[in-house]
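Visitor: Questions regarding the structure given below will be posed in turn.
The values are calculated or read from the model by the stated rules, or taken from the named source; none is laboratory data. Keep in mind it's a predicted model, so treat the numbers as computed, not measured. Virtual Cβ from ideal backbone geometry, glycine too; neighbours counted across all protein chains shown. All accessible areas refer to the heavy atoms of the entire protein, side chains included, with ligands and DNA or RNA removed. Shrake-Rupley method; radii C 1.70, N 1.55, O 1.52, S 1.80 Å.
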Amino acid sequence: MGIPSGQYDYAGHRHGARGRDDPRQTPPRLRRSAYAGRLIRLLLAFFLLTGFAQAEPLRIATFNTELSRKGPGILLRDILRGDDPSIASVVQTIAAADPDIIALQGIDYDLERSALNALADALTAAGAPYPHRFAAPPNAGRQSDVDLNGDGKLGGPRDAQGYGRFFGQGAMALLSRHPILTEDLQDFSTLIWRDLPGSLYPMIDGKPFAGAEAHATQRLSSNSHWALPVQLPDGPITLLTYHATPPVFDGPEDRNGRRNHDETAFWSHHLAGVIGTPPQDAFILLGDANLDPTRGEGRGDAIARLLAHPTLQDPLPGQSTVDWSQTGPMRVDYILPSRDWQVLDAGLIWPEGEDASRHALVWVDLTR
């Protein structure tokens, strides 16, 4: 994506042996000019070798594709058929944005990553190749064998660690044109919710909602929380990415609203070094928070704290990224680069076509 890397071609017309200047035929003024030219070329070479040259811009994106299906294997089938309008819209949108790295939400997970690879193959056919792909087992649809939602029944989609009718429904993935350093992944998906400092796990009359076993079992991440390094030509960066549960579809205990808050609040603790190892170099926090700082039923203070975090910058302040018929436009999808980055540009691409995602693809161009 973006501007081709600089390739400097220095040519000169010489009249000596092997193209060198013959001082007997070159006036002194031109010899001084030639020496100056050589000096300039040496300095440029030094800057290039020592990393002083401007790095090629990086386009980063996040996109809730809303491609999830109602059963395992159906998304793969639909991608391979090649005639599904919602998949065609996603491929068209990503190819139009042409990001170097994109975090995806709403794509079903399978153990062989077959659906993700099939989507990447469709993107390659559309002129947007992504040779590096990542997905890891999520909490979505991962059954807990505990009555997590307190309805007196076991095995329902709300008894999974994250809502899901089957394991991996509506999970996350990453596509990249740069190598993904999976051996350095920090996956926080197993963190128990109650172990988050200042956890808002719902309590009823001083006792945990759905009982002590649920309190000891329920994980924080409804999908995943990843700190995932990617190797760029000028050094590694870290992507902090997640997809939080919607803060609705619950009862007066506000289980989903509280969990949604804490899934975003997690990153403040991570950046403070309380949980995991915070990034040591440039990083980007991105994903679907399902949380607007001022609109909707969510507890917006969690995302407001991140937007005001001293290590982060906001390239698209106040920009709505989804248009739900129930709520109207809201901002729920974010790319927040660390302050090591220089933001060159940022924007949205709204999907078009039948059954298109209601979320915009959010992109930001960065350099450092």
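Visitor: Return the inverse of the average 1/r over all pairs of distinct C-alpha atoms in the stretch 167-248, which is the Kirkwood hydrodynamic radius, in Å to one decimal.
Guide: Kirkwood radius, the stretch 167-248: 15.0 Å.
Visitor: Measure off 7 Å from each Cα along the Cα-to-Cβ vector at Asp205 and Asp98, then give the distance between these two points in nanometres to one decimal.
Guide: 6.3
Visitor: Of the chain, which part is the longest with no GluC sites (Glu not before Pro) in a loop (DSSP not H, G, I, E, B) and with at most 12 other C-beta atoms within 10 angstrom?
Guide: That gives 113-351 as the longest site-free run.
Visitor: Still on this structure, I have one more. Measure out, as a whole number of angstrom, how far apart the alpha-carbon centroids of the stretch 214-278 and the stretch 76-110 sit.
Guide: Measuring centre to centre over Cα atoms gives 24 Å.
Visitor: So, R0 is 25 Å and r is the distance between the beta-carbons of Ala125 and Lys70; what FRET efficiency does that work out to, to 0.05?
Guide: On the way: r = 26 Å, r/R0 = 1.05.
Calculated transfer efficiency: 0.40.
Visitor: Percent of alpha carbon pairs in the stretch 88-209 separated by more than 24 Å?
Guide: Value for the stretch 88-209: 42 percent of Cα pairs lie more than 24 Å apart.
Visitor: Nearest 5 is fine: what % of DSSP beta bridges in the chain come out antiparallel, could you say?
Guide: 80
Visitor: Quick one: work out the % antiparallel among DSSP beta bridges in the stretch 190-337, nearest 5.
Guide: 75
Visitor: I've got another one for you. Once the piece of chain linking Glu297 and Arg165 is laid out straight, how much longer is it, given 0.36 nm per residue of separation minus the C-alpha distance between them?
Guide: Length difference between fully extended and current span is 45.1 nm.
Visitor: Longest span of the chain, sites excluded, free of chymotrypsin sites (Phe, Trp or Tyr not before Pro) in DSSP loop with at most 15 other C-beta atoms within 10 Å?
Guide: 53-248
Visitor: If amide hydrogens are placed 1.01 Å from N in the peptide plane, which non-local residues have theirs closer than 5 Å to the one on Leu285?
Guide: Those lying under 5 Å, H to H, from Leu285 are Leu240, Leu336, Ser338.
Visitor: Another question about this same structure. Stretched out fully, how many nm does the piece from Ala55 to Leu111 gain, at 0.36 nm a residue minus the Cα gap?
Guide: Answer, rounded to one decimal: 16.5 nm.
Visitor: If you don't mind, another one. For the stretch 126-207, with every protein chain kept in place, what is the accessible area per residue (1.4 Å probe, Å²)?
Guide: Roughly 46 Å² per residue, with all protein chains present.
Visitor: Take the solvent-accessible surface of the protein heavy atoms, probe 1.4 Å, and return the percent of it on the stretch 173-258 that carbon and sulfur atoms account for.
Guide: Percent of accessible area from carbon and sulfur atoms in the stretch 173-258: 54.
Visitor: Let me ask another. If you count the DSSP beta bridges with both ends in the stretch 74-198, what percent of them are antiparallel, to the nearest 5? Please report the intermediate quantities before stating the final value.
Guide: Working: 10 of 11 bridges.
For the stretch 74-198, the DSSP antiparallel bridge percentage is about 90.
Visitor: Name the residue farthest towards the positive end of the dipole of the chain from the options Ala125, Phe63, Leu306, assuming +1 on Cβ of Lys and Arg, -1 on Cβ of Asp and Glu, about the Cα centre.
Guide: Ala125
Visitor: How big is the C-alpha Rg of the stretch 280-368 next to the rule-of-thumb value 2.2 N^0.38 Å, as a ratio?
Guide: The stretch 280-368 yields a ratio of 1.13.
Visitor: Please state the shape class of the stretch 207-355: rounded when a/c is under 1.5, otherwise prolate if a/b exceeds b/c and oblate if not, all from the C-alpha gyration tensor.
Guide: It comes out oblate by the Cα gyration axes.
Visitor: Now a separate question. On a full-extension model of 0.36 nm per residue, what is the gain between Glu183 and Ala272, subtracting their alpha-carbon distance, rounded to one decimal in nm?
Guide: 29.8 nm
Visitor: With θ taken as phi - 60° and the coefficients 6.51, -1.76 and 1.60, list the Karplus ³J(HN,Hα) couplings across the stretch 109-124 in order, rounded to whole Hz; mark glycine and proline as x.
Guide: Using θ = phi - 60°, the values come out as 8, 9, 4, 8, 6, 5, 5, 5, 5, 5, 5, 4, 5, 5, 5, 4 Hz.
Visitor: Here's a follow-up. Determine, from the Cβ-Cβ distance of Asp145 and Asp83 and an R0 of 35 Å, the FRET efficiency 1/(1 + (r/R0)^6), rounded to the nearest 0.05.
Guide: FRET efficiency, Asp145 to Asp83: 0.35.
Visitor: Follow-up. Could you run the Karplus curve 6.51 cos²θ - 1.76 cosθ + 1.60 with θ = phi - 60° over the stretch 332-345 and give me ³J(HN,Hα) per residue in whole Hz, x for Gly and Pro?
Guide: 10, 10, 9, 10, 10, x, 5, 6, 5, 8, 9, 7, 8, 6
Visitor: Could you grab the Rg to Rh ratio for the chain? Cα atoms only, Kirkwood for Rh.
Guide: 1.11
Visitor: Calculated FRET efficiency, Glu213 and Val248, Cβ-Cβ r, R0 30 Å, to nearest 0.05? Working shown, then result.
Guide: Numbers: r = 25 Å, r/R0 = 0.84.
So the FRET efficiency works out to roughly 0.75.
Visitor: Could you work out how far helix 28-49 tilts from the main Cα principal axis of the chain, as a 0 to 90 degree angle to the nearest 10?
Guide: Approximately 20 degrees, to the nearest ten.
Visitor: Round to the nearest 10 and give me the degree value, 0 to 90, for the angle of helix 255-271's Cα axis relative to the longest principal axis of the chain.
Guide: Value to nearest ten degrees: 30.
Visitor: A follow-up question, please. Tell me the mean residue ellipticity at 222 nm calculated for the chain from its helices only (DSSP H runs of n ≥ 4, each -39500 (n - 2.57), averaged over every residue, nearest 500).
Guide: Helix-only estimate at 222 nm: -7000 deg cm²/dmol.
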